[in-house]
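Notes to accompany the following structure.
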Amino acid sequence: MFDFINFGFRITQSRRDDIIIAEKRNIRPKPRRGGIIIATNFPKSLITKIKIMQLYLVTDENACLGRDLFWVVEEAVKGGVTMVQLREKSLGTRAFIDRAKKMKDILLPYNVPLIINDRVDIALASDADGVHVGQSDMPYEMLKDLLPPEKIIGLSAETKEDVLEAENWDLTYLAVSPLFSTPSKTDTLRPWGMDGLKWVKANSKHPLVVIGGLNETNTAEAISNGAEGIAIISAICSAISPFEAARYLKFLINKIEKI
C-alpha cells in the first residue's frame, strides 16, 4: 500500500477547523488572503490522495526531444510533480515491465506514485501504485476485481455519458479529456473547454484531473473552475528545463488553495 502521508502537504489547524465547521453547516468557508478555499463534499480520507494529483506528469518519450526519459521525469519530480503516469504505446510487454520497474525505483525516494497507462498487467507485474484507463480499455468491474483495493484507479471521460456512468464506480479520480485540443491526444472527441469542465464538476462526485493542452497560460483557470489536478505532457517533457517548468506550474496551482 502506498504511503500517502509523507508528501509534505499540510492543512493548518485553523483552516482545518473552518472546513469541518463548513461541512457541518453545509456552507462554503470564506476566502482567505493569499488564496481561495473551495469547499468540497469529498470524504476526508480522499483529501491527501487529491493532493497527489495536483501536478500529474504523463510521459511521452517523443516529447522529450531526444533527452533521457528518466532524467526528464526525475527533474520534473524535483520541480514539484506529484504523480507520474508511464504511457507507452509501442513497447513490448517485457520492455514495458522493465521500464516501469526502473521508473518506480526512481520515484520511490520522492514518495511520488507511479501510474501505468492502459496496461493492468504491467501495473500488477511492476507493483505500480495504480492504473489509468480509457473508455476503450478494460471495463471498470473487471479492473476493480484484478487490482488490490489500495491501488489508484483513474478513468478518462470524453462525453457527458461517460461522466454520468462513472457515478456508479469507486474511482480515485476522473480525467476530463481532452480539456483543449492537443497534438498529443488525437484519438479523442470534442474538447470539453472550461464550460464543459464546470458541467463535469457539477455532475460528478469524483476528484477531477484535466488533460489536453494544459500549460502555464491556463493552469490556474482550470484549477479555479473545478480541477483538483492538471495532467501535463509537452509543457514539461518538451521544456528546456523540466525542473523549472514543473516548479512554475506547481507555483500556479498553489496560488489557488483547494481542499
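Any idea how many residues of segment 219-246 are among the hydroxyl-bearing types (Ser, Thr, Tyr) and within 23 Å of ASN117 (Cβ to Cβ)?
Residues meeting the conditions: 3.
Which of the residues belonging to segment 91-111 are outside any helix (DSSP H, G or I), within 25 Å of ASP137 (Cα to Cα) and of a type outside the set (Gly, Ala, Ser)?
Residue satisfying the conditions is LEU91 alone.
Taking the criterion of being touching an Asp or Glu at 6+ places or on another chain (Cβ under 7 Å) and within 20 Å of LEU114 (Cβ to Cβ), would at least one residue in segment 202-218 satisfy it?
Yes.
Does segment 209-220 hold any residues that are touching a strand residue (DSSP E or B) at 6+ places or on another chain (Cβ under 6 Å) and either surrounded by fewer than 24 Cβ atoms within 10 Å (Cβ to Cβ) or of a type outside the set (A, V, I, L, M) (or both), and which are they?
Selection gives THR219 alone.
Out of segment 205-224, which residues are polar (S, T, N, Q) and either in contact with a Gly (Cβ under 9 Å, 6 or more places away or on another chain) or at positive phi (or both)?
none
Kindly indicate which of GLU167, GLU158 is charged (D, E, K, R), buried (at least 17 other Cβ atoms within 10 Å of the Cβ) and closer than 27 Å to GLU221 by Cβ.
Of GLU167, GLU158, the one residue that is charged (D, E, K, R), buried (at least 17 other Cβ atoms within 10 Å of the Cβ) and closer than 27 Å to GLU221 by Cβ is GLU158.
Tell me which residues, restricted to segment 221-241, are surrounded by fewer than 16 Cβ atoms within 10 Å (Cβ to Cβ) and in a helix (DSSP H, G or I).
Result: GLU221, SER224.
Kindly evaluate VAL81 against the criterion of being buried (at least 16 other Cβ atoms within 10 Å of the Cβ), assigned to a loop (DSSP other than H, G, I, E, B), of a type in the set (A, V, I, L, M, F, W, C) and modelled with pLDDT of 60 or more.
Answer is yes for this residue.
Is at least one residue of segment 143-154 buried (at least 22 other Cβ atoms within 10 Å of the Cβ) and either over 26 Å from GLY196 (Cα atoms) or of a type in the set (D, E, K, R) (or both)?
Scanning segment 143-154 turns up at least one residue that is buried (at least 22 other Cβ atoms within 10 Å of the Cβ) and either over 26 Å from GLY196 (Cα atoms) or of a type in the set (D, E, K, R) (or both).
I want to confirm something. Restricting to segment 195-204 and keeping residues that are in contact with a Leu (Cβ under 9 Å, 6 or more places away or on another chain) and over 26 Å from ARG247 (Cα atoms), which single residue is surrounded by the most Cβ atoms within 10 Å (Cβ to Cβ)?
VAL200
Considering GLU216, GLU228, GLU221, which residue is closer than 30 Å to GLY66 by Cβ and acidic (Asp, Glu)?
GLU216
Quickly run through segment 166-186 and pick out the residues that are farther than 13 Å from GLY213 by Cβ and either touching a Ser or Thr at 6+ places or on another chain (Cβ under 9 Å) or small (Gly, Ala, Ser) (or both).
ALA166, GLU167, LEU174, ALA175
What's the total number of residues in segment 182-194 that are at pLDDT 85 or above and surrounded by 13 or more Cβ atoms within 10 Å (Cβ to Cβ)?
Number satisfying all stated conditions: 4.
Of the residues GLU88, GLU74, which is acidic (Asp, Glu), out of contact with any His (no Cβ under 7 Å at 6 or more places or on another chain) and either at pLDDT below 95 or not in a helix (DSSP H, G or I) (or both)?
GLU88
The values are calculated or read from the model by the stated rules, or taken from the named source; none is laboratory data. This is a predicted model, so every value here is computed, not measured. Here Cβ is always computed from backbone atoms with ideal geometry, including for glycine, and neighbour counts include all displayed protein chains.
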